Amino acid sequence: MDKLVIEGGVPLTGEVPISGAKNAALPLMAASLIATGTHTFANIPRLRDIRTMQALLGHMGAKCEHDGLLRIDSSDIHTLEAPYDLVKTMRASVLVLGPMVARYRKARVSLPGGCAIGARPINLHLKGLEKMGVSVELKHGYVFASADRLKGATITFDQVTVTGTENLMMAATLADGVTVLHNAAREPEVVALAEYLCKMGARIQGAGTAQITIEGVKELSPSEFTVIPDRIEAGTYLIAAGITGGNLKLTSCRPEHLEAVIQKLETAGLSIQSNGDCVEVKREGEIRSVDVKTWPFPGFPTDMQAQFMALMALGNGVSLISEQIFENRFMHVLELKRLGADIELEGRSAVVRGVSKMSGAPVMATDLRASASLVLAALAAEGVTEIHRIYHLDRGYEAIEKKLAAVGARVWRRKDNE
Ligand code: EPU
């Protein structure tokens, strides 16, 4: 297994190119199952989760080639199944459920178990499918879904769910009649998926609002699409500049997807200038402690909570960080404390009392964004930090050590026993 070794204390300066968004790429790849033929995607990041989705689509019979462009040929799908082995490695595997039901009226998908950030059930995906006429049976740890025909339905989500919205939107594209999704997720990744589905011939209105209307069509045909930039990767590098007192220019990003994050970071003392697809960020004064609550988009993203906490660990006062989306997304707290942070958990909130410095130590990555928060803390800490189990980081941050080294960080990837 690999670890990252980081010697902290260098203010980062220079340019960081932002990669395509993992959470936009995964639903697009799953959508290739809806229309037979070759789908072409540009700006797909080279990440472990992308390879897992390729393996899943390959298991089902799709042919994937990634040579700069990712081409997925879904002409010969023979296995309508997402097996346990792949779903347990990556929960986003459940995104094949909607497309399979849409095109084949049948699917067998392993139920995801618990994970490091919370229970994360898929009951809302299943309830929505049932309203569309799908029969859903749970046995042997699998969801068996089947339908003679899919019919349009009005579905109100009890809770905003990103992949739930994506799954039902995909299923509805080929249903008979109109489906209306109320309390739908408004994330940019949902909008990107809707854009691609429309390019394939789907009729979707309202993506990006809380009400999405999908008028079913007979069939879709493959097309091409460029994946949107990763707003969470961009937000993580904004904090990398802020936490080290550096000065970075992020290129190829979409500042309009980062408004809530930019606003909080400005309140925390960072200077941020957006210009077209670039964002420049620097910090000269002290880090100001500010409170934050996570919300679905356009609120402050849960996927930035851990990284923001690393910044607040060095704040000039007390910050209250409340996690509203996942009940257990605080695995990074104990590891940040190993680096000297002063954090107390109170239910779904963390009280972060800023300290003047953190110091390097061996720490363990527990999930993707928790790992990112440890990298950020390590960049600012005195001395050397070793971050173990960085396979979590490789799921979602493309070439992280190369991008960081290019802007001055002292960071090395080593084998665990080195
Ligand atoms: N929920 C239910 N029932 C459901 C679906 C969701 O109770 O059927 C609950 C969840 O347990 C959670 C909340 O609703 O408490 C929101 O979960 P959501 O379904 O929106 O999460 P997700 O779709 O599984 C996506 C991202 C996550 C991101 C969340 C929230 C992808 C592939 N994953 O997950 O990304 O944290 O939305 O924004 O898009 C990450 O990239 O590190 C990551 C975890």
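Values in this text are rule-based calculations from the coordinates and carry no lab data. In this text, all values refer to a predicted model and were calculated from it rather than measured experimentally. Here Cβ is always computed from backbone atoms with ideal geometry, including for glycine, and neighbour counts include all displayed protein chains.
Pairs of alpha carbons in the range 78-126 separated by more than 14 Å make up 48% of all such pairs. Each Cα pair of the range 241-376 feeds into the Kirkwood radius, which the Stokes-Einstein equation turns, at 4 °C and 1.567 mPa s, into a diffusion coefficient of 86 µm²/s. Computed about the Cα centre, the dipole magnitude for the chain is approximately 500 debye when only Lys and Arg (+1) and Asp and Glu (-1) carry charge, each at its Cβ. Residues E386, E15, arranged from fewest to most other Cβ atoms within 10 angstrom of their Cβ, appear as E15, E386.
Ranking of Y196, Y237, Y84 by neighbouring Cβ atoms within 10 Å, starting from the fewest: Y84, Y196, Y237. Across the range 30-180, C-alpha contacts under 8 Å between residues 6 or more apart give a mean separation that, scaled by the residue count, equals a relative contact order of 21 percent. Neighbours of V318 by Cβ distance under 13 Å: Lys/Arg scored +1, Asp/Glu scored -1, total -2. In the P(r) worked out for the range 362-402, what percent of Cα pairs fall beyond 13 Å? Above the 13 Å cut-off, the range 362-402 has 46 percent of its Cα pairs. Summing +1 for each Lys or Arg and -1 for each Asp or Glu among the other residues whose beta-carbon sits under 14 angstrom from that of S93 gives +4.
Taking the alpha-carbon centroid of each part, what is the distance from the range 251-314 to the range 340-373 in angstrom? About 18 Å separates the Cα centre of the range 251-314 from the one of the range 340-373. The string of couplings for the range 212-219 from the Karplus curve (6.51, -1.76, 1.60, θ = phi - 60°) is 10, 10, 10, 9, x, 10, 6, 8 Hz, one whole number per residue in order, with x for Gly and Pro.
When the chain is treated as a Gaussian network with alpha carbon springs shorter than 10 Å, the biggest mean-square fluctuation among V227, V290, V375 belongs to V290.
With contacts taken as Cα pairs under 8 Å at a separation of at least 6 residues, the chain carries a relative contact order of 21 percent. Anisotropy class assigned to the range 226-310 is oblate, per the alpha carbon gyration tensor with a/c at or over the 1.5 cut-off and a/b no larger than b/c.
When each of Y142, Y104 is scored by the number of other beta-carbon atoms lying within 10 Å, the sequence from fewest to most is Y104, Y142.
Counting only residues at least eight positions apart within a chain, or on another chain, the aspartates and glutamates with an alpha carbon under 17 Å from that of K415 are D2, E7, E386, D394, E401.
How many percent of DSSP beta bridges within the range 164-288 run antiparallel, rounded to 5? Antiparallel bridges make up about 95 percent of those DSSP assigns within the range 164-288.
Principal semi-axes of the equivalent ellipsoid, √(5λ) from the alpha carbon gyration tensor of the range 150-259, are 33, 16, 8 Å from largest down. Lysines near K264 by alpha-carbon distance under 25 Å, same-chain residues fewer than 8 away left out - which ones? The qualifying lysines are K22, K249, K282, K293, K337, K357, K403. Computed packing ranks the peptides 358-370, 87-99, 146-158 as 87-99, 358-370, 146-158, most packed first, by mean other Cβ atoms within 10 Å. What the Cα atoms of the chain give is an Rg and a Dmax of 21.4, 64 Å. In the range 140-223, Cα pairs under 8 Å separated by at least six residues give a relative contact order of 31 percent.
Suppose only helical runs count, i.e. DSSP H with n ≥ 4. What mean residue ellipticity at 222 nm does that imply for the chain under -39500 (n - 2.57) per run, divided by all residues and rounded to the nearest 500 deg cm²/dmol? Counting only the DSSP helices, I get -9000 deg cm²/dmol. Summary of packing: across the peptides 401-414, 63-76, 253-266, the per-residue average of other C-beta atoms within 10 Å ranks them, highest first, as 253-266, 401-414, 63-76.
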